[in-house]
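The values are calculated or read from the model by the stated rules, or taken from the named source; none is laboratory data. What you are looking at is a predicted structure, and each value in this text was computed from that prediction instead of being measured. Here the Cβ is made from the backbone with ideal geometry for all residues, glycine too, and neighbour counts use every protein chain on show. With ligands, DNA and RNA removed, areas are computed over all heavy atoms of the protein, side chains included. Shrake-Rupley method; radii C 1.70, N 1.55, O 1.52, S 1.80 Å.
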Amino acid sequence: MGADSDSGAPPNVPWRKVLYERQPYPDNYVDRRFLEELRRNIRVRQYRYWAVVREAGLVAQQVSCVAIFLTLWFNMDQGDLGPSKLLWASLGCALLGYGLYEVLGGGSSRERTRMTDLQSAAIFLAFTFGFSPVLKTLTESVSTDTVYAMSAMMLLAHLVSFPYTQPSPPGSLSLNAALFASVCLASRLPGALHTFAMLSCALLVFALWPCLLHRLRDRAEWSFPLATGLVCTAGVGGLASLWAGGAVLLFLALIVVTLVCPMLLVHLQRHKDNIHGPWDEAEIREDLSRFLS
């Protein structure tokens, strides 16, 4: 191929890069201009460090949300946190978050009205409260170790499958995994009211908070790092009240995810060497929608 392919070729017949015409050249023949069309890194995206750190904050805050939820569950399981306190706190956070969502323009770009949102919330609370006794006894025949193992696997699946690029609304797999883990853990609490309070808190943490966070990232960029920092601080602080070693491990993990991994990504960008040329697959850039109608 290349220059070596020129030997033995008829000098009076120029080679053309066409497929519809028979030529006195081998099928794999190319001329000396073949490598002139070589291009390097034409579609490589160059990342900025602080922009990557900002996006990595989504991962860090979601890990901290799981830590906050586990902290609340443990305190309720030990009797240090009553269900009524958690319910009132969840209600206050929900009202505050909903008001902030509306202020940031949440209602201007959707068809749902406030009355529809109120009806959905009332239906969810009514069904959850009604089925709380059933959910309380859901895992009575399952050993505690199995329940904890299933909850850990589901929370890990929640973190892995969470749609970090577009966290509003959460993906079905991610949300279902988190709610399944919440049901498993809530079924080990002392009473039905505890189960109801825990599931209401789970919906607030795993379903409603990502929607508000996405709105903050789009409409108030300055508040997004602040919200992420507050969630991470609450996660580390809550875990420190239960297990100091776990809080240290969580803090180091957040530092690695938020600061170290973006640094590695930006550094490895220099070593990218993607080549493009006439050997690439053809791309149809013409609008073919008129042929589909």
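Check off (1) surrounded by 14 or more Cβ atoms within 10 Å (Cβ to Cβ); (2) closer than 30 Å to D218 by Cβ for V160 and give me the number that stays unchecked.
The single condition V160 does not satisfy is (1).
Residues being closer than 17 Å to A178 by Cβ and open to solvent by 10 Å² or more (accessible area, probe 1.4 Å): count how many of those fall in the range 208-230.
Qualifying residue count, the range 208-230: 5.
At least 3 residues that are modelled with pLDDT of 80 or more in each: list the helices (runs of 4 or more DSSP H) lying fully within the range 233-293 that qualify.
Those helices (runs of 4 or more DSSP H) span 244-255, 261-268.
Looking for whichever is open to solvent by 80 Å² or more (accessible area, probe 1.4 Å), of a type in the set (A, V, I, L, M) and modelled with pLDDT of 85 or more here; the options are L72, L81, L96. Which one fits?
L96
Here are some conditions: (1) open to solvent by 40 Å² or more (accessible area, probe 1.4 Å); (2) farther than 30 Å from G191 by Cα; (3) assigned to a loop (DSSP other than H, G, I, E, B). V30 meets all but one. Which one does it not meet?
With (1) open to solvent by 40 Å² or more (accessible area, probe 1.4 Å); (2) farther than 30 Å from G191 by Cα; (3) assigned to a loop (DSSP other than H, G, I, E, B) applied to V30, the lone miss is (1).
Going by the structure shown, is P10 part of a loop (DSSP other than H, G, I, E, B), at pLDDT below 80 and surrounded by 10 or more Cβ atoms within 10 Å (Cβ to Cβ)?
Yes.
Filter the range 218-267 down to the residues that are polar (S, T, N, Q) and more than 27 Å from T165 (Cβ to Cβ) and list them by number.
Within the range 218-267, S241 is the sole residue that qualifies.
Check off (1) open to solvent by less than 70 Å² (accessible area, probe 1.4 Å); (2) out of contact with any Ser or Thr (no Cβ under 8 Å at 6 or more places or on another chain) for T128 and give me the number that stays unchecked.
(2)
Within the range 238-250, is even one residue within 20 Å of the chain's Cα centre (by Cα), open to solvent by 30 Å² or more (accessible area, probe 1.4 Å) and within 19 Å of V63 (Cβ to Cβ)?
no
Quick one: what pairs do we get from the range 216-242, first residue within 18 Å of T71 (Cα to Cα) and without any contact (Cβ under 8 Å) to a residue 60 or more places away in the chain, second open to solvent by 20 Å² or more (accessible area, probe 1.4 Å) and among the β-branched types (V, I, T), C-beta under 9 Å, 6+ apart or different chains?
Correct list of pairs: A240/V248.
Criterion first (modelled with pLDDT under 90, touching a helix residue (DSSP H, G or I) at 6+ places or on another chain (Cβ under 6 Å), among the polar types (S, T, N, Q) and part of a helix (DSSP H, G or I)) does T128 satisfy it?
So T128 fits the description; yes.
Over 27 Å from L95 (Cα atoms) and outside any helix (DSSP H, G or I): does that describe L138?
Criteria met by L138.
Filter the range 243-272 down to the residues that are in contact with a helix residue (DSSP H, G or I) (Cβ under 6 Å, 6 or more places away or on another chain) and farther than 22 Å from V52 by Cα and list them by number.
Those that are in contact with a helix residue (DSSP H, G or I) (Cβ under 6 Å, 6 or more places away or on another chain) and farther than 22 Å from V52 by Cα: G246, A247.
Looking only at the range 40-70, which residues are assigned to a helix (DSSP H, G or I) and among the hydroxyl-bearing types (S, T, Y)?
Passing the criteria: Y49, S64.
Does Y47 qualify as being farther than 21 Å from V205 by Cα and touching a residue at least 24 places away in the same chain (Cβ under 8 Å)?
yes
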